[in-house]
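The values are calculated or read from the model by the stated rules, or taken from the named source; none is laboratory data. Fair warning: this is a prediction, and the values are worked out from it, not measured in the lab. Note that we place each Cβ from the backbone using ideal geometry, even for glycine, and neighbour counts take in every protein chain shown.
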Amino acid sequence: MATLPRWAPYSVRTFLALVVVASTKPQGHRPAKTSRIELRATEDDRALLDWAATALGTHRSSFLLSQGRLAAQRVLADRQHFLLDADAQQEWERINSRPARNLLGLTRLLERPSPFAQPAADQPQA
């Protein structure tokens, strides 16, 4: 995969890496499709999906499954996978190995009673 510039959004770099990984999977044994997915669509949506599937030389089912899988990977990419080059990984490790800072304002905030907690029966309401 070509190296993307550092300014490219993280989600774009991660998505492209996932697409490369997904497209290089061995195409040998495929597990049996035992689960059925049904959806309702307008005639216009169905026609559009059929047109796109035909343009790619596939069937509607295969098209919807492959595109749905890519969309799901895109949504979940930054929640599951973090792909860093060597320099970025070194920087990540450097930042995460620093000791935590004591932020006085945050400490005071966390020591205050929650405005959402129910006051105890013996405490006066503010």
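Restricting A117, A53, A88 to residues that are closer than 27 Å to E38 by Cβ and not β-branched (V, I, T) narrows the list to A53. Screening the stretch 67-87 for residues that are of a type outside the set (D, E, K, R) and in contact (Cβ under 8 Å) with a residue 24 or more places away in the chain and picking the one that is nearest to W51 (Cα to Cα) gives L70.
Give me the residue from the stretch 77-89 that is in a loop (DSSP other than H, G, I, E, B) and surrounded by 13 or more Cβ atoms within 10 Å (Cβ to Cβ) and, out of that set, modelled with the highest pLDDT.
L84
Exactly one of these conditions fails for A100: (1) in a helix (DSSP H, G or I); (2) aliphatic (A, V, I, L, M); (3) surrounded by fewer than 10 Cβ atoms within 10 Å (Cβ to Cβ). Give me its number. Condition not satisfied by A100: (1).
To keep it simple, each residue is scored yes or no on (1) β-branched (V, I, T); (2) on the phi < 0 side of the Ramachandran plot; (3) at pLDDT 70 or above; (4) not in a helix (DSSP H, G or I).
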residue: S11; (1), (2), (3), (4): no, yes, no, no
residue: T14; (1), (2), (3), (4): yes, yes, no, no
residue: A17; (1), (2), (3), (4): no, yes, no, no
residue: V20; (1), (2), (3), (4): yes, yes, no, no
residue: L39; (1), (2), (3), (4): no, yes, yes, yes
residue: A47; (1), (2), (3), (4): no, yes, yes, no
residue: A52; (1), (2), (3), (4): no, yes, yes, no
residue: S62; (1), (2), (3), (4): no, yes, yes, no
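R74 fulfils the conditions (1) of a type in the set (K, R); (2) modelled with pLDDT of 90 or more; (3) surrounded by 10 or more Cβ atoms within 10 Å (Cβ to Cβ) except for a single criterion, (2).
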